[in-house]
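Scroll down for the structure; my scribbles are underneath it.
The values are calculated or read from the model by the stated rules, or taken from the named source; none is laboratory data. As the structure is a prediction and not an experimental result, all values here were calculated from the model. All Cβ positions, even for glycine, are placed from backbone atoms using ideal geometry, and neighbour counts span all protein chains on display.
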């Protein structure tokens, strides 16, 4: 345990650890590639159904009303196929394909694994548009944090500026967005503003677009999250800027650099490294806050898992949701660590 | 531009923070090429005076002339004569400054530190500036450190880079604010040597320092400041060997006895 802690602190060993991490990651990727080639094909999976089911599928081919619903999901190394009938006789058959074989998955561990694959597939939003599942969460979080960082930098510069009106205005903005719940801000932007000004978010898009409602809601969410994140980032940026020694300002001034040059060339580049850890934190908070979009019916991981829970009465659906969130968080923590390391070269 | 008697002139420069008087009616005339050392106990206002010359501190009242041109005129904490921004900037750039804590830009390499201001402020050609910067680095003996980041250098090396950075703007006056106070004793020599070379080349220098040896050897004039006024001024010989003011006497006694 002691040596493990030492290894964390010791940078020389850390380099070795990164190498090891990389090797492990590459091995996992290679294994995934191999396994993805070995997994049974879609046709194989669809031909797994029992004789009774096959007959019904055949009978369906002629008629317009289908009795059998076939669900096929593929998740890189595993795939899942289920056949279910509706009507007088309800039968469900499930199969999981893995390493060249299809396993029956109607009970026990097989059923559990099948459900996991199915739910994960649906929450990731595979094969569907960006307003779906994990993609929505990722896109919303990344875009709104980006907006937040840019807006936050401007707000921070405004707040520390000598112009009193500007400074007060920026402080008021920050106070407002940090002092009210994000969900209410989301509601105000999605419901209240359109009601007051007489427009609808879906109007931004072509009326023929059947996704217009969702796209409109997404824009509203992006604005709400961006504005909110801006307020939090502003405080982060301000703290980072003000933590730079006064001597840096003086040296720049003595060399004749203007205020904006000093900020742009000297102060902000130095404060970036100090901003990275709290911005990473803010990003991860955002990622989790993004689950609030269920309140305006956007189909993110949380909404989908809630829907699956109510429609299929399956409570294990929250486990893959947790795992997906964790994987996304871990990935971004790693990226932010790398950025932080890059900027710490000179300190 | 060269029709001036004094390269730097301050008239009745005063500064107070509320009721606390930091500088009281300081008059100084500096000829081109003069080296002036400012000594005195801490809290005497030496650094404040030096820093108010290039506007790092705002004076409460007084006039500052650079190369015969009015640079700043304030009365009762207000600027009374507005000077054209461009002229003021030009005059400001006639002064280079070195700080006690070096204040190099830690995110830029040594070479970038030196090239930054000439390129950004004077809009000079990058390649020319780079060449000149390398020459300046050679002059301060650090040519091989051009691509290092400041934190890899010793304090003495950092201060020499800071001097090169200030010189890159081709100032006519150099202000040194206790340039060796933050250095380990064995590193002081190199920095002082660079400053001596600079003085020998005819640079006008104002140096706030505790290095009495340097003041004795290099200064043309020594100012002894105490309680916000210039208590005594004169040649190094006069100040160090025959001080008249009792404050100067007791200060030198306490310093030389250490």
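See the values below:
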quantity	calculated
Residue B:82 being more than 11 Å from chain A (Cβ to nearest Cβ), free of Cβ contacts under 8 Å to residues at least 60 places away in the same chain, out of contact with any helix residue (DSSP H, G or I) (no Cβ under 8 Å at 6 or more places or on another chain) and part of a loop (DSSP other than H, G, I, E, B)	yes
Residue match in the stretch B:86-96 (condition: part of a loop (DSSP other than H, G, I, E, B) and within 13 Å of another protein chain (Cβ to nearest Cβ))	yes
Count - residues of the stretch B:56-79 that are free of Cβ contacts under 8 Å to residues at least 60 places away in the same chain and assigned to a loop (DSSP other than H, G, I, E, B)	7
Some residue of the stretch B:38-55 being over 24 Å from residue B:246 (Cβ atoms), assigned to a strand (DSSP E or B) and touching a strand residue (DSSP E or B) at 6+ places or on another chain (Cβ under 7 Å)	no
Residue A:342 being assigned to a helix (DSSP H, G or I) and either surrounded by 15 or more Cβ atoms within 10 Å (Cβ to Cβ) or at positive phi (or both)	no
Residue count, the stretch A:240-267 (criterion: in contact with a helix residue (DSSP H, G or I) (Cβ under 7 Å, 6 or more places away or on another chain) and farther than 23 Å from residue B:168 by Cβ)	3
Residue match in the stretch B:115-138 (condition: in contact with a strand residue (DSSP E or B) (Cβ under 6 Å, 6 or more places away or on another chain) and under 30 Å from residue A:268 (Cβ atoms))	no
Residues that are within 14 Å of another protein chain (Cβ to nearest Cβ) and surrounded by fewer than 19 Cβ atoms within 10 Å (Cβ to Cβ), drawn from the stretch A:229-247	A:243, A:244, A:245, A:246, A:247
Residues within the stretch B:171-223 that are without any contact (Cβ under 8 Å) to a residue 24 or more places away in the chain and either touching a strand residue (DSSP E or B) at 6+ places or on another chain (Cβ under 8 Å) or not in a helix (DSSP H, G or I) (or both), tallied	1
Strands (runs of 3 or more DSSP E) completely within the stretch A:71-117 that count 2 or more residues being assigned by TED's automatic domain parsing to the domain that holds residue A:304	none
Filter pass, residue A:271 being more than 7 Å from every other protein chain (Cβ to nearest Cβ) and buried (at least 20 other Cβ atoms within 10 Å of the Cβ)	yes
Total residues in the stretch B:113-165, condition part of a loop (DSSP other than H, G, I, E, B), surrounded by 19 or more Cβ atoms within 10 Å (Cβ to Cβ) and within 12 Å of chain A (Cβ to nearest Cβ)	1
Residue B:104 buried (at least 18 other Cβ atoms within 10 Å of the Cβ), assigned to a loop (DSSP other than H, G, I, E, B), at negative phi and at pLDDT 95 or above	yes
Residues located in the stretch A:275-300, provided they are surrounded by 19 or more Cβ atoms within 10 Å (Cβ to Cβ) and either within 14 Å of another protein chain (Cβ to nearest Cβ) or assigned to a loop (DSSP other than H, G, I, E, B) (or both)	A:275, A:276, A:298, A:299, A:300
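Yes/no matrix, rows are residues, columns are (1) surrounded by fewer than 16 Cβ atoms within 10 Å (Cβ to Cβ); (2) more than 21 Å from residue A:141 (Cα to Cα):
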{"residue": "A:174", "(1), (2)": "no, no"}
{"residue": "A:179", "(1), (2)": "yes, no"}
{"residue": "A:183", "(1), (2)": "yes, no"}
{"residue": "A:190", "(1), (2)": "no, no"}
{"residue": "A:197", "(1), (2)": "yes, yes"}
{"residue": "A:206", "(1), (2)": "yes, yes"}
{"residue": "A:227", "(1), (2)": "no, no"}
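Conditions tested, residue by residue: (1) assigned by TED's automatic domain parsing to the domain that holds residue A:311; (2) within 24 Å of residue A:297 (Cβ to Cβ); (3) assigned to a helix (DSSP H, G or I).
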site: A:144; (1), (2), (3): yes, yes, yes
site: A:167; (1), (2), (3): yes, no, yes
site: A:171; (1), (2), (3): yes, no, yes
site: A:208; (1), (2), (3): yes, yes, no
site: A:213; (1), (2), (3): yes, yes, yes
site: A:221; (1), (2), (3): yes, yes, yes
